[in-house]
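*Asks:* Here it is, the structure, as structure tokens.
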Amino acid sequence: MRDEIDGRLWVAHHDQFALSVEEALAALRSSLARVGRPDGAAAQLLALAIAFALTGLAFTSAAA
């Protein structure tokens, strides 16, 4: 009886785990597909990094 209960629990948890892994892989696949598309996100991130660098340089030069 105990083996049957353990077996059912394992199957239920295994199926749930397999489903969550499949969902995570699908989300990763779709996010990687979006990286290749030119939607302006890369340019915005680059502009943000440049803005932080310029701000850091301005604060450094102003403090000196």
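The values are calculated or read from the model by the stated rules, or taken from the named source; none is laboratory data. Computed from a predicted model, the values in this text were never measured in an experiment. Positions of Cβ are generated from backbone atoms using ideal geometry, with glycine treated the same way; all protein chains shown enter the neighbour counts.
*Asks:* For the range 7-47, which residues satisfy the criterion of being surrounded by 10 or more Cβ atoms within 10 Å (Cβ to Cβ) and β-branched (Val, Ile, Thr)?
*Replies:* Val11, Val21
*Asks:* Another question, if that's okay. When you go through (1) surrounded by 10 or more Cβ atoms within 10 Å (Cβ to Cβ); (2) modelled with pLDDT of 85 or more one by one for Glu4, which number turns out not to apply?
*Replies:* Status for Glu4: all satisfied but (1).
*Asks:* Take the residues in the range 20-56 that are at pLDDT below 90 and of a type in the set (A, V, I, L, M), then tell me which one is nearest to the chain's Cα centre (by Cα). Steps first, answer last, please.
*Replies:* Residues of the range 20-56 that are at pLDDT below 90, as a first pass: 30-43.
Then keep just the ones that are of a type in the set (A, V, I, L, M); that gives 32-33, 35, 41-43.
Details: Leu32: 10, Ala33: 13, Val35: 12, Ala41: 15, Ala42: 16, Ala43: 19 Å.
So the residue we want is Leu32.
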